[in-house]
Amino acid sequence: QVQLVESGGGLVQAGGSLRLSCAASGRTFSTAGMGWFRQAPGKEREFVATIRWSGDTAYYADSVKGRFTMSRDNAKNTVYLQMNGLKPEDTAVYYCAATRLTGTFVSTTYYDYWGQGTLVTVSS
């Protein structure tokens, strides 16, 4: 079992930065692939970024590539999402997710555990 708790969301002006954190509990975290997803009002949840269990491979949605960076610290059971150059269209609730598998996955169907989400609001 893995429990996930996100933090770091808030209100920021366009062009600003935020760093989201996701603290995980559970023995399997260090071997779990992790992902970040987001859901804007009235829209479906969408993929943002994913990282392999070892942290050496990450993939990003085209909409955030070059602006967002996902990383992990297995010693601290934590994954991060550094968000730079934020745009109003990045406004959403951001969710951290964990899969029992070790790789990287862009589909929500591969993820077994989800956090409660943290709200990011970008003003223009």
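General remarks:
- Of the residues making up the stretch 5-24, just one is open to solvent by less than 30 Å² (accessible area, probe 1.4 Å) and farther than 16 Å from V120 by Cβ, namely A24.
- Residue count, the stretch 89-124 (criterion: open to solvent by 70 Å² or more (accessible area, probe 1.4 Å) and closer than 20 Å to G16 by Cα): 3
Residue by residue, here is whether (1) within 19 Å of Y113 (Cα to Cα); (2) in contact (Cβ under 8 Å) with a residue 40 or more places away in the chain; (3) crowded, with 19+ Cβ neighbours inside 10 Å holds:
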residue	(1), (2), (3)
Q3	yes, yes, no
W53	yes, yes, yes
S63	no, no, no
G66	no, no, no
D73	yes, no, no
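- Yes/no for R27 being farther than 15 Å from Q82 by Cα, buried (at least 17 other Cβ atoms within 10 Å of the Cβ), of a type outside the set (V, I, T) and out of contact with any Asp or Glu (no Cβ under 9 Å at 6 or more places or on another chain): no
- Taking the stretch 27-121 and the strands (runs of 3 or more DSSP E) fully enclosed by it, the elements with 2 or more residues that are among the aliphatic types (A, V, I, L, M) and either touching a Lys or Arg at 6+ places or on another chain (Cβ under 9 Å) or closer than 17 Å to G9 by Cβ (or both) are at 46-51, 78-83, 92-98.
- Answer from S107, S124 - the residue that is among the hydroxyl-bearing types (S, T, Y) and over 14 Å from the mean Cα position of the chain (by Cα): S124
- E6 touching a Cys at 6+ places or on another chain (Cβ under 8 Å) and of a type in the set (D, E, K, R): yes
The values are calculated or read from the model by the stated rules, or taken from the named source; none is laboratory data. None of these values were measured; they are calculated from a predicted model. Positions of Cβ are backbone-derived with ideal geometry, glycine not excepted, and every protein chain shown enters the neighbour counts. These area figures cover heavy atoms from the full protein model, side chains too; ligands, DNA and RNA do not enter into them. Shrake-Rupley method; radii C 1.70, N 1.55, O 1.52, S 1.80 Å.
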